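Structure record follows, encoded as structure tokens.
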Amino acid sequence: MATKTISGGTAHALPSDMRKALAADRTAAGVWESLTPLARNEWVCWVTFVKKAETRKEHVERMVAQLKEGKRRPCCWIGCIHREDKPVSPSVRAILKKRSRI
């Protein structure tokens with residue numbers, strides 16, 4: 001039985017917990033593969049950005065559910081701040097600065 005490759009993002013490889021969740025759900029995996037590499041990258045960043053393992057697990061489950069609902073990007077996510085190929089935009093810098101004061 002051949003294993004289908006599941007694509008990663010532009011700046012991030014696909015973590016094993018996300019790969020396993022997508023491999024277990026054909027519908028979510030199909031939507032995942034239809035996303036642009038940048039959109040996949042935002043999902044990876046959104047899942048891996050959290051600090052607690054329990055929150056990360058919730059993000060993986062929510063990602064699968066939202067992909068199945070047809071959502072193509074994580075809700076309320078400012079975008080990946082880890083990309084080295086382009087600078088963080090002024091609007092995202094302002095959001096990050098505001099969040100750091102909270």
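The values are calculated or read from the model by the stated rules, or taken from the named source; none is laboratory data. What you see is a predicted model; the values in this text were computed from it and never measured. Heads up, the Cβs are rebuilt from the backbone with ideal geometry, glycines too, and the neighbour counts pull from every protein chain shown.
What the table below lists for this structure:
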| read-out | value |
| --- | --- |
| The stretch 24-67: number of residues that are surrounded by fewer than 19 Cβ atoms within 10 Å (Cβ to Cβ) and either touching a residue at least 60 places away in the same chain (Cβ under 8 Å) or of a type in the set (D, E, K, R) (or both) | 11 |
| Qualifying positions in the stretch 55-100 - modelled with pLDDT of 80 or more, small (Gly, Ala, Ser) and within 24 Å of SER16 (Cα to Cα) | ALA65, GLY70 |
| Selection from the stretch 33-45 of residues that are under 20 Å from GLU69 (Cβ atoms), more than 10 Å from the chain's Cα centre (by Cα) and either in a helix (DSSP H, G or I) or not β-branched (Val, Ile, Thr) (or both) | GLU33, SER34, LEU35 |
